[in-house]
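The values are calculated or read from the model by the stated rules, or taken from the named source; none is laboratory data. Just so it is clear, the structure is predicted and the values come from calculations on it, not from any experiment. Heads up, the Cβs are rebuilt from the backbone with ideal geometry, glycines too, and the neighbour counts pull from every protein chain shown. Keep in mind that these areas ignore ligands, DNA and RNA; they rest on the heavy atoms of the full protein, side chains included. Shrake-Rupley method; radii C 1.70, N 1.55, O 1.52, S 1.80 Å.
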Amino acid sequence: MSDPTPAAPAPAVVRAIVAGHGSFAAGLVSAVEQITGRGGVLRAVSVAGLGADDIERTLRELMDETGARVIFTDLQAGSCSMAGRRILRVASDAVLVCGTNLPVLLDFVFADGVEAPQAARHAVERGRAAISVLGAGA
Amino acid sequence: MTLVLYRIDDRLIHGQVVVGWGQPLDIDFIVLVDDAVAGSDWEQELYRMGVPPHMDVYFLTVDQAAERMTDFRSNPHRGILLTGDIATMRRLAERDPGLGAVNVGGIHHKAGRVQRLRYVFLAPEEEVQLRELATRGLAVSAQDVPGARPVPLGELLASDDVFD
């Protein structure tokens, strides 16, 4: 007789790190989880109170721990983006996406059939196209 | 116009500087004073990528900056001067008597430092350097973003258990 208890789903493989100001990362990953149930593909990082060196070290350690080679950040001039650029200098297989929005991450988490860097590039196009202005004067 | 903010921030050019201060102060240029960055094309390229295209960035050593401070202060545009540590700002103050009020914007955790505010950690020698800036007649206060309350130096150095 077979066991009636359904097997627990395998834990998602982390394919990207999300980092930014305040609760940006946790908020976006929470939204991705709520919409798709695939928030586990992303790892949110809080860098509040960290200096530039510690931010870079935190991102590097997470990349080593998870194997993720994609970093999503919020602001081009932000400390996380600066740290990401320093990491790209030595990690030629990594990709940094600045200016991340929710549509970018939604596209990314569904692209599990392609390599993560390629998925990130595709997601950026979707994210750009998802921005619109409606209403007065539009 | 002139230099409208003299800021110590170990992240140098980042969101709080470019957007948080840069937009309300209507900044056109940044003077980044750091001997190491001034000697590295790669570091300069990194920081330049973080600023809008219309904003000029000058990467200078302390000596170079001291020579050009009069020019910067008489510049028709508005600028922020940045150093990554207190020692660099103090060295500049020694060379330039015209330095304005000093904003402690972000000095983060490192071995040997004690937390004074959420965004300010200081080693004993750094406290001495801040006091030296004050004895030169410079108003020194901590303030990470424009909307935050400026914390005067005396209060900053006394705040070892209350994080603002």
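Considering each of B:Val57, B:Val51, B:Val31, B:Val4 in turn, give the residue that is more than 18 Å from B:Ala87 (Cα to Cα) and within 12 Å of the chain's Cα centre (by Cα).
The conditions single out B:Val4.
Looking for something out of contact with any Asp or Glu (no Cβ under 6 Å at 6 or more places or on another chain) and modelled with pLDDT under 95 - is there at least one such residue anywhere in region A:12-19?
Yes, there is a match, as at least one residue in region A:12-19 is out of contact with any Asp or Glu (no Cβ under 6 Å at 6 or more places or on another chain) and modelled with pLDDT under 95.
If a residue has to be surrounded by fewer than 19 Cβ atoms within 10 Å (Cβ to Cβ), within 14 Å of another protein chain (Cβ to nearest Cβ) and closer than 17 Å to A:Ser81 by Cβ to count, how many in region A:32-68 make the cut?
Total meeting the criteria: 6.
Yes or no, residue by residue, for (1) open to solvent by less than 40 Å² (accessible area, probe 1.4 Å); (2) more than 14 Å from chain A (Cβ to nearest Cβ); (3) touching a Cys at 6+ places or on another chain (Cβ under 7 Å); (4) within 20 Å of A:Glu56 (Cβ to Cβ):
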residue: B:Arg11; (1), (2), (3), (4): yes, no, no, yes
residue: B:His14; (1), (2), (3), (4): yes, no, no, yes
residue: B:Val18; (1), (2), (3), (4): yes, no, no, yes
residue: B:Trp21; (1), (2), (3), (4): yes, no, no, no
residue: B:Val31; (1), (2), (3), (4): yes, yes, no, no
residue: B:Val37; (1), (2), (3), (4): yes, no, no, yes
residue: B:Ser74; (1), (2), (3), (4): no, yes, no, no
residue: B:Asp96; (1), (2), (3), (4): yes, yes, no, no
residue: B:Gly105; (1), (2), (3), (4): yes, no, no, yes
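Name the single residue that is farthest from the other protein chains (Cβ to nearest Cβ) among those in region B:52-72 being open to solvent by 20 Å² or more (accessible area, probe 1.4 Å) and closer than 23 Å to A:Met82 by Cα.
Ranking the candidates gives B:Thr61 first.
Is one or more of the residues making up region B:151-158 touching a residue at least 24 places away in the same chain (Cβ under 8 Å) and not aliphatic (A, V, I, L, M)?
no
Has region A:89-112 got at least one residue that is assigned to a helix (DSSP H, G or I) and over 16 Å from the mean Cα position of the chain (by Cα)?
Within region A:89-112 (the criterion being assigned to a helix (DSSP H, G or I) and over 16 Å from the mean Cα position of the chain (by Cα)), the answer is yes, since at least one residue qualifies.
Please specify each residue of region B:76-94 satisfying the condition of being crowded, with 19+ Cβ neighbours inside 10 Å and assigned to a loop (DSSP other than H, G, I, E, B).
Result: B:Gly84, single match.
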